[in-house]
Amino acid sequence: FGLSSRHLDGRQKKRNFEAAKKSVDNSSQYFRYYMTRICGIASEMDAEGKKVKGDAMLSLVASIHLNESMDGYIDRHKKGGDHSLSLAYVRATILDLRKKVDKQWVIWVEDQIKWIRSNPGVPLNGKRAGIFASVARFPSYLDHVFICCKAGRSKDHSPNLAKIKVVSYYLQKMASALFASLNECAERETTDQQYASNVMRMENSYFFTQSIKQRGPDATDLFQKQITGASAICKQSTDAYLGWMIKREFKAMHSLFSNISRIRKDVGDADVPIHVPRAQFVRTLQKESSREIMKEKIGVVYARMEKHLSESGGLLPVAWKALVKVLYEWFGRWEKLSTSCYKFILEPSAIDVVRIAKAASGVAMAPSNRKGVSESRAKNQSASIEI
């Protein structure tokens, strides 16, 4: 450019640079026009009343490409002179474009967050909410982002979005909004607090975690904080839901053994029968825990869980496996209490209960039954659409 002589001071160099930049900008206005179009930047209304609409996805992809291209215009060898000045001009142009595309994409993200916080499609009572529309769409949006960023690149190329501050911050902000919406729906007064609040939490947090992990290490690293939070939410809500399910179906047994456990802490094993007579203990078990009754109760639990959980969430097999484990733990404790306090062998045993539970899920998941459930759900969905 002939304006970067070494004898000039910093201020003069800056003035010379600004003058050169302005001159080049004027001579490259058509280049800049097409660059803004390529980057999806919205234009001001021209004399004919025409206006180019912005493209948020194109702006995001442009921001990622511009960020990557910045490394190629750094004077690493400290050559100085016109070479350094020309590189500085290109960097300034890239930064100017990045500010515009980032601003446009951020506005779009804030609009999406408003939509997410409106809780679209979530029933007021929270029952059978399934996977929220916002949670279900988020992984698809990430797929779109990665596909667009990989277009025209080598097959093994993967953009490291976690290292781009603006992009990573607002993607994480959008993900955090999903959980803010989930928490709001779970805690509102109209939501059923017996089980629906826990079901919506466990289903949506599990779906989020699995869908992000399935998209590889780059997505996992980007949303590590949200995944950790989602896993904690899923565990806490699952534990609460499974406990509620067991207490509901085995109410008499849970009440009996809870009472025995409390008395045992105060008086010891030997004196428990004084407070809860053996005849009463045996009569309750015979009424509530025979093998046939156990099969019936566990079958009811599975049917209820299948009703509560949506197919799209994919949580049923995982939740049932967790429930079987909890049943084993609870019945194992009850077995020990029965033996130590009454010298009475609990039948069926904890291992037998596990076998019954596994058999119940196998029967319920048979193809014919699954087909009938799917058809019933399809009818319900079509009916709700018509309404």
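Scanning region 34-58 for residues that are outside any loop (DSSP other than H, G, I, E, B) and at pLDDT 70 or above turns up Met35, Thr36, Arg37, Ile38, Ala56, Met57, Leu58. Selection over region 274-306 of residues that are in contact (Cβ under 8 Å) with a residue 60 or more places away in the chain and surrounded by fewer than 15 Cβ atoms within 10 Å (Cβ to Cβ) gives a count of 4. Among the residues of region 63-121, those that are open to solvent by 30 Å² or more (accessible area, probe 1.4 Å), part of a helix (DSSP H, G or I) and under 30 Å from Glu187 (Cβ atoms) comprise Ile107, Trp108, Glu110, Asp111, Gln112, Lys114, Trp115, Arg117.
Among the residues here, Tyr328 does not qualify as of a type in the set (Ser, Thr, Tyr), out of contact with any Asp or Glu (no Cβ under 6 Å at 6 or more places or on another chain) and open to solvent by less than 30 Å² (accessible area, probe 1.4 Å). Can you say whether Lys235 is within 42 Å of the chain's Cα centre (by Cα), free of Cβ contacts under 8 Å to residues at least 40 places away in the same chain and open to solvent by 80 Å² or more (accessible area, probe 1.4 Å), as far as the supplied structure shows? Yes. Does Gln210 meet the test of being open to solvent by 10 Å² or more (accessible area, probe 1.4 Å), farther than 13 Å from Phe132 by Cβ and not in a helix (DSSP H, G or I)? For Gln210, the condition - open to solvent by 10 Å² or more (accessible area, probe 1.4 Å), farther than 13 Å from Phe132 by Cβ and not in a helix (DSSP H, G or I) - is not met. Would you check if there is a residue in region 141-160 being under 27 Å from Val318 (Cβ atoms) and among the aliphatic types (A, V, I, L, M)? Yes, region 141-160 contains at least one residue that is under 27 Å from Val318 (Cβ atoms) and among the aliphatic types (A, V, I, L, M). Within region 157-201, the set of residues being open to solvent by 50 Å² or more (accessible area, probe 1.4 Å), among the polar types (S, T, N, Q) and assigned to a loop (DSSP other than H, G, I, E, B) comprises Asn160, Thr190, Gln193, Gln194.
The values are calculated or read from the model by the stated rules, or taken from the named source; none is laboratory data. As the structure is a computational prediction, the values presented were derived from the model and not from experiment. Glycine also receives a Cβ, built like all others from the backbone with ideal geometry; neighbour counts cover every protein chain displayed. Side chains are part of the model used for accessible areas, which takes the heavy atoms of the whole protein and leaves out ligands, DNA and RNA. Shrake-Rupley method; radii C 1.70, N 1.55, O 1.52, S 1.80 Å.
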